[in-house]
Amino acid sequence: MRRAGRVVAEIMDATRRAIRPGVTTGELDTVARGVLEARGARSNFLNYHGFPAVICTSPNSMIVHGIPGDHVLAEGDIISIDCGAIVEGYHGDAAYTAPVGEVSALAVRLMEATERSLWAGVDVMQPGNRLHEIGRAVQGVAEAAGFSVVRKYVGHAIGTAMHEEPAVPNYWPGDAGPKLKAGNVFAVEPMVNAGGPDTVELADGWSVVTADGSLSAHFEHTIAITDDGPEVLTRP
Ligand code: MG
Ligand code: MG
């Protein structure tokens with residue numbers, strides 16, 4: 001899983017360097033395909049329930065699951081990139097939101113708070129702590145910044161499949177959940193909206209946007225719990 005994580009980190013680096021006004025989301029997918037091919041890794045996104053690309057590209061008010069294509073990035077946009085890789089049967093999964101050129105102060109604050117909420121979640125991933133303390137930490141940071149956490153889509157355990165049980169909510173679901181143990185690996189992935197938490201799925205059957213049209217950001221890492229604490233496998 002460390003090896004899969006390193007490939008995912010490389011995809012994040014390569015796509016981040018390619019983001020600029022005028023580039024299409026389809027071109028970012030091509031960049032990601034190049035990394036997978038160069039590393040001999042397989043895509044866990046391509047053909048997942050029929051998904052047609054190796055990354056998800058979700059601009060502005062789109063939260064997750066956007067399909068790369070002819071959409072041209074414009075100055076002032078933010079763009080969320082979700083990506084993954086399989087190496088010898090083991091999965092990695094990560095996401096980030098990046099600015100396209102100069103963006104609004106609100107967009108900067110939203111991205112910063114969302115990334116900080118992810119790291120607050122990582123910090124509590126110690127053996128013996130409870131799973132849902134992750135979501136409580138994420139939610140605390142996001143809401144203190146004046147934003148809301150998406151409820152409908154959540155993080156997940158990950159291993160020989162991308163999405164394994166249990167789910168990892170980005171909010172306190174009302175109970176503490178199971179104990180974290182060394183050897184557990186989770187994809188923690190706060191989706192944070194500048195407005196309300198409600199979501200709408202578009203007619204393409206994939207793209208998920210904020211119900212109120214507000215901006216949304218998404219940061220994710222694959223994190224192993226070790227006896228020494230959290231090890232972030234997809235750290236760039
Ligand atoms: Mg992901
Ligand atoms: Mg994920």
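The values are calculated or read from the model by the stated rules, or taken from the named source; none is laboratory data. Small disclaimer: the values here were computed from a predicted structure and weren't measured. Glycine also receives a Cβ, built like all others from the backbone with ideal geometry; neighbour counts cover every protein chain displayed. What goes into the accessible areas is simple: the full protein's heavy atoms, side chains included, and nothing from ligands, DNA or RNA. Shrake-Rupley method; radii C 1.70, N 1.55, O 1.52, S 1.80 Å.
Charge tally for residue 233 (other residues, Cβ to Cβ under 12 Å; Lys, Arg +1; Asp, Glu -1): +1. What a 1.4 Å probe finds exposed on the range 74-226 is 53% carbon and sulfur by accessible area, rounded to a whole percent.
For the range 37-53, what does the Karplus curve 6.51 cos²θ - 1.76 cosθ + 1.60, with θ = phi - 60°, yield as ³J(HN,Hα) per residue in whole Hz, taken in order and with x for Gly and Pro? Couplings: 5, 4, 9, x, 9, 9, 8, 8, 8, 4, 6, 5, 6, x, 4, x, 9 Hz. The helix-only estimate of mean residue ellipticity at 222 nm for the chain, built from DSSP H runs of length n ≥ 4 each weighted as -39500 (n - 2.57), is -9000 deg cm²/dmol after division by the residue total. In the neighborhood of residue 3, defined by Cβ-to-Cβ distances under 9 Å, what is the net charge if each Lys or Arg adds +1 and each Asp or Glu adds -1? Net charge in that neighbourhood comes out at +2.
These residues, 1, 162, go from largest to smallest accessible area, 1.4 Å probe, as 1, 162.
Averaging Cα coordinates gives a centre for the range 144-214 and one for the range 1-65; these two points are 19 Å apart.
Could you tell me whether the chain comes out rounded, prolate or oblate from its Cα gyration tensor? Rule is a ≥ b ≥ c as square roots of the eigenvalues, rounded for a/c under 1.5, then prolate if a/b exceeds b/c, otherwise oblate. Because a/c hits 1.5 or more and a/b fails to exceed b/c, the chain counts as oblate.
Computed over protein heavy atoms with a 1.4 Å probe, the accessible surface of the range 87-236 works out to 41 Å² per residue. Near the amide H of residue 170, within less than 5 Å, lie the amide hydrogens of 155, all on another chain or at least 5 residues away, with H placed in the peptide plane. Relative contact order for the range 2-232: 21 percent, from Cα pairs under 8 Å spaced at least 6 residues apart, divided by residue count.
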